Structures are given as structure tokens and as C-alpha cells.
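The values are calculated or read from the model by the stated rules, or taken from the named source; none is laboratory data. Because the structure is predicted, anything quoted here is derived from the model rather than measured. So basically every Cβ, Gly included, is an ideal-geometry build from the backbone, and we count neighbours across all protein chains shown. Note: areas computed on protein heavy atoms with side chains; ligands, DNA, RNA excluded. Shrake-Rupley method; radii C 1.70, N 1.55, O 1.52, S 1.80 Å.
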Amino acid sequence: MRLFSGKNAKIWYFANSYWQLCLPAAWLRWRRTHILSNISLRPDFKEIEERVNYYCKDLHASAGQKQSWASQFTTLNKQKKVRPKVYYLDSFRYARWFSLDKKWNLCPGDVNYIPEIPSIVKSRPIGDDNQNGVLMKLDKVRHFVFLKDTLSWEQKKDMAIFRGAIGQKDNSLDFKKNRYDFLVKYFDHPMCDLGEVSKRGNYTNEAWKKPIISLYDHLKYKFILALEGNDVASNLKWVMSSNSIAVMPIPKYETWFMEGLLIPDYHYIAIADDYSDLEEKLQYYINHPEKAKEIIQHAHEWVEQFRDKKKETIISLRILEKYFEQTNL
């Protein structure tokens, strides 16, 4: 269900999530065994396992290290309802398919660091040593929005748009300095329509503040800025499902969307970390619409792999199965 803004309807999400928690645990465990016993016969089995191994990497740890984890883990049947609630609802939706005497560590919120122990997270830094961050599809009601774009590339404005929060303090997690720097540099640029939508904090330029607009209003523009905040750019998923193009520096964080595997100038338009080549990049794709349409097609192909609900369930269960196998010794 979609709201007129384009976002997911939270009332439907919460109703469905709490209903899922009421399903009999014994039936869910039987269903998990039934579903996973046949996945090797699926034509997409290799893709499923590749995604599972990307989200939940092999843990190369000694027996002593693994024993120390046990004292820091929480048994599923003692897991408290964390805040924001979506992290509990999204993770426990699948955790209940396993015996509730299993142990884990659930890290809610925007995780832009690597946990000290293997933990279920929504996000993690991109890199080779991030195996303690085990990705699951958390806060999906906010992050996993895909749109039906009725506008063609030719019908869109030759401009880049940004609407987002910046924050209030330079030394606070709430302060998105990269977004602040971008507005300082490009707020008055003729190829940009930029605005800060947070209602809190004091800013150096009141002119930055603009009202929130719908996701569909963004689609009137050929380019949409996807600038990371506390962790990933939450708009990247719906931008890549549209006929506009995401514009961003190479990402530093990743989620279930596997941002770390996205190819610059193939799935999105990559700009320098200091944004110095923004105008050059935008003008190139305005002048070469065939190249822009190739990126749009590649982005749509990437998004497509996340639309199969049954496959998403299988991958979620396999991640937890692998996680428990490696940690619950």
C-alpha cells in the first residue's frame, strides 16, 4: 500500500507486522524446514547463496572468541522490544522461525560502525573487515520503497534535486556535514533545486529551508541527489526504481540493498567526494541521453532482484540459519 506521497503506509506495515508475530511459532519452524529443504532446486539458488554470503560473511574466529560471544548475546525469548520498533518487528518476523533458545545480538538504528561481536544490523561500513555486521532487511517500511514512474527521461527537468535533513550540531551524529557542504557549494546553482526540510536546529542560511515534497515531485527532475546521512542514503532505492538517475559519491555504507556492489556510472552517476565535478557530470548525461538511459536500465535491473517476496524470505531465513550455525556453538 502506498500513500500519495509515494512512501509506504505505516499503518498497513504495523498491522501486518504484529499479525506476523501472532503466528504459531511451531508452525513457522515447520514451514522454515519445508521451505529451505528445497531451495537447492531453485534456478536462482546460486544467486540466493551469493546474497546470503554477502550479508552474512564467514566468521573466522577461534573457539575462545566464539565462547566469549555467548556471554554477550541475548536469547531470542528474552529479546526486549528495541526502539525504533521497526528493528524488532523486522528482525523477529524471521527469528521466530527458529528455536527461541537461539542467541544473537541485535543492533537497532543507524549502524555506521563495525560491531565488536557478530550482530544483526540494518547497515554497516563497506569493506572487507565488516563481517561482524550481519545485514538484514530492517526498517524496510522506510528504506524499501519502489515507485512507478510515468515520466520519461525527456519529460524531466535538466536539473538535480535534493530535499533532506542536515541536523544541528557539527559534533553530533545528527549533523550530516557532507549534506551541509553540498548545500554550501551548490544551493544557488542554476542546475540544482536544493532544500533542507528538518524542522529543528539553527542553520547558517534560512533560505535553505523548504517544505517537504512528495517522492513523485522528485521525479520531475532528471537527477536526484542520494547523499548519505547517518549511514546510507535512504532515498537510493526508490530513485533507482524510477526513470531519474541517482547522483552521489561512491557510498561508504551499505544495507540489504548491497550498495557496496553498485558500479559507479553504471547503476548511478558517481561524483567526487568534494562534489567538484557535479556540473560536468550532469551536463554530460544531459548531452548524452542514450548513456543516461543505460544507467536507468541498469538501475532497474538491480532493483528487480528485491521484488520477489518469497525469495526475500528465503534469504532472510538462510542468513539467520548461517548466523546461528556460526555463533551458537
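Some notes on this structure:
- Residue by residue, the range 142-158 carries 3J(HN,Hα) couplings of 8, 8, 9, 10, 10, 10, 9, 9, 8, 8, 7, 4, 5, 7, 8, 6, 7 Hz when phi is fed to the Karplus relation 6.51 cos²θ - 1.76 cosθ + 1.60 (θ = phi - 60°); x denotes Gly or Pro.
- Percent RCO, i.e. relative contact order, over the range 81-138, from Cα pairs under 8 Å lying at least 6 residues apart: 30 percent
- Taking the accessible area of the chain, probe 1.4 Å, and keeping the other protein chains in place, the carbon and sulfur fraction comes to 52%.
- Surface listing: GLU301, GLU47 arranged by accessible area from highest to lowest gives GLU301, GLU47, probe 1.4 Å.
- Helix-only CD estimate at 222 nm, as mean residue ellipticity for the chain, using -39500 (n - 2.57) per DSSP H run (n ≥ 4): -11000 deg cm²/dmol
- Derived scalar couplings ³J(HN,Hα) [the range 88-94; Karplus, 6.51 cos²θ - 1.76 cosθ + 1.60; whole Hz; x for Gly, Pro]: 5, 5, 6, 7, 6, 3, 9
- Overall, the anisotropy analysis places the range 1-135 in the rounded class: the square-rooted eigenvalues a ≥ b ≥ c of its C-alpha gyration tensor yield a/c less than 1.5.
- Solvent-accessible surface of protein heavy atoms, probed at 1.4 angstrom with all chains present, puts THR33, THR327, THR74 in the order THR33, THR74, THR327, largest first.
- Cβ charges +1 (Lys, Arg) and -1 (Asp, Glu), total dipole of the range 1-58, debye: 280 debye
- Residue-normalised accessible area of the chain, given per residue in Å² at a 1.4 Å probe: 48 Å²
- Hz values of 3J(HN,Hα) by residue in the range 247-264 - Karplus curve (6.51, -1.76, 1.60), Gly and Pro given as x: 10, 6, x, 4, x, 9, 10, 9, 10, 3, 6, 6, 4, x, 9, 5, 9, x
- Solvent exposure ordering (accessible area, 1.4 Å, most first) of TRP104, TRP19: TRP19, TRP104
- Within the straight-line cut-off of under 14 Å between alpha carbons, the aspartates and glutamates reachable from LYS209 are ASP188, ASP193, GLU196, sequence neighbours fewer than 8 places apart in one chain being disregarded.
- Area of TYR54 that stays accessible when all protein chains are in place (1.4 Å probe, Å², to 10): 40 Å²
- With all protein chains modelled, accessible area of SER242 [1.4 Å, Å²]: 0 Å²
- P(r) histogram, all alpha-carbon pairs of the chain included - 20 Å bins from 0, percent: 29, 56, 15, 0
- Straight-distance candidates among the lysines for linking to LYS281, with alpha-carbon spacing under 25 Å and chain neighbours fewer than 8 residues away dropped: LYS156, LYS157, LYS176, LYS177, LYS185, LYS220, LYS222, LYS237, LYS252, LYS291, LYS293.
- Whichever aspartates and glutamates have a C-alpha closer than 17 Å to that of LYS78, once near sequence neighbours (fewer than 8 apart) are set aside: ASP90, ASP101
- For THR255, solvent-accessible area (1.4 Å; no DNA, RNA or ligand), Å²: 0 Å²
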